[in-house]
Amino acid sequence: MDIWHVRGGNRLFGSCRVQGSKNASLPVLAASVVLPVRSVLKNVPRLKDVDAALQILSHLGCRIDRGEEELIIDSTSFTGAEIPRELMAEMRSSVIFMGALLARCGEAKLSLPGGCQLGKRPIDLHLSALRQMGAEIEEEGSDLFCRAERLRGADIDLRFPSVGATENIMLAACAAEGRTTIHGAAREPEIVSLQAYLASIGADIHGAGTSTITICGAVGRENTVYTVPSDRIVASTLACACAAAGGRIILSGVKADHFSTVLHFLNDAGCDIINFKDIVEISSNGDLRSPGHIVTAPYPGFPTDAQPILMAALLRSHGTTQFTETIFENRYRQVSELRRLGADLTVSGTEAVLRGVETLHGETLTAPDLRGGAAMIVAGLHTRGETRIIDAGHIARGYDSFDDTLCALGAEVWIEHK
């Protein structure tokens with residue numbers, strides 16, 4: 001159990017390099033077992049979810065060596081296709097090991113994944129797609145038994161651009177006979193990252209970043225070196241932190257296009273945004289206005305992961321902001337806690353209405369999930385007095401040394417470990 005302490009009132013100044021992406025790292029880690037290969041991965045963040053994935057890889061027989069700058073995974077010593085329930089329960093992204101294990105050894109025994117409780121996140125799209133490719137999948141309670149004597153290419157139409165389903169298909173298709181085409185594929189930057197890694201180990205794959213991805217198997221290579229891109233949600237969080245607290249910060253190692261919708265609304269709220277090459281500069285006087293109506297949507301729309309964080313940044317803005325959540329029905333779990341700070345927030349179904357208030361006051365809050373916890377940190381930066389956030393480990397699932405990052409920019413933040 002951690003207790004985050006945030007004392008508001010300090011403006012943020014300085015520059016920082018944004019950490020590697022959690023949501024790009026996890027599918028690459030799963031992909032490292034698709035073929036027997038030694039992968040040298042750079043810019044992989046030190047996170048609880050990454051640690052959980054490495055535990056799974058170790059359990060499967062992979063050799064892992066983590067240094068300061070590199071993470072080396074040697075999957076040539078792969079020994080098994082079963083993942084214990086306790087390891088699967090650590091994170092939602094563990095489900096993509098299903099496609100990876102089917103590709104490597106034609107079978108997988110695992111259970112339904114864990115992760116933040118954001119509402120229904122069924123894996124029916126994953127299962128349907130893999131069955132179309134020749135997999136036989138039995139469901140017994142929360143356990144899944146998957147077998148495929150021969151995976152075959154297929155034309156797969158996704159009725160929703162699921163990131164996880166797209167990733168699972170991409171991994172399984174590396175071992176399938178013939179061509180696999182995904183129609184209605186997710187377009188997130190993390191999908192582009194996974195394609196780049198798979199291509200580096202010999203996969204014939206094209207189209208990531210569009211709604212149609214084509215995979216024609218893989219020839220396999222002994223070694224690869226791959227650098228994980230920066231985390232667009234962490235970049236969004238830092239941008240929102242500066243918007244709320246005021247100041248001027250420079251984010252390096254980022255691609256503005258990856259979180260352009262967040263930057264768009266921050267600009268509408270009164271922030272000055274400058275971007276060039278791999279640098280984004282955000283300036284704010286802390287006196288924000290409503291940016292209007294914010295609707296979450298699959299990429300390239302506004303990311304659901306950034307919704308709680310932008311909401312927290314706008315708590316003292318002038319005017320009324322409406323949010324519409326289209327991805328997760330429980331994505332407003334932060335609202336009741338933010339109200340304890342004095343925020344004026346109402347929720348009805350998928351809609352939330354924020355009316356800006358003049359001041360917020362410090363209080364003790366409880367982080368309900370990863371992004372809700374990050375939102376409370378952002379809220380604390382423009383709150384009078386001290387905000388304490390009781391966190392059962394959610395924030396560490398997605399943010400690497402976030403207290404140090406904020407302190408280096410001038411914030412007063414520290415963690416009390418219980």
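The values are calculated or read from the model by the stated rules, or taken from the named source; none is laboratory data. Predicted model, so just to flag it, every value in this text is computed and none were measured. Glycine gets a Cβ as well: all are built from the backbone with ideal geometry, and neighbour counts include every protein chain shown.
Overview of values
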item: Search result, residues across region 35-56 that are out of contact with any strand residue (DSSP E or B) (no Cβ under 7 Å at 6 or more places or on another chain), touching a residue at least 40 places away in the same chain (Cβ under 8 Å) and of a type in the set (A, V, I, L, M, F, W, C); result: L47, A52, A53, I56
item: Filtered residue count, region 58-82, keeping only those that are surrounded by fewer than 21 Cβ atoms within 10 Å (Cβ to Cβ) and either under 20 Å from S230 (Cα atoms) or within 22 Å of the chain's Cα centre (by Cα) (or both); result: 6
item: Test: residue in region 380-387 that is closer than 29 Å to S162 by Cβ, among the hydroxyl-bearing types (S, T, Y) and either crowded, with 20+ Cβ neighbours inside 10 Å or modelled with pLDDT of 95 or more (or both); result: no
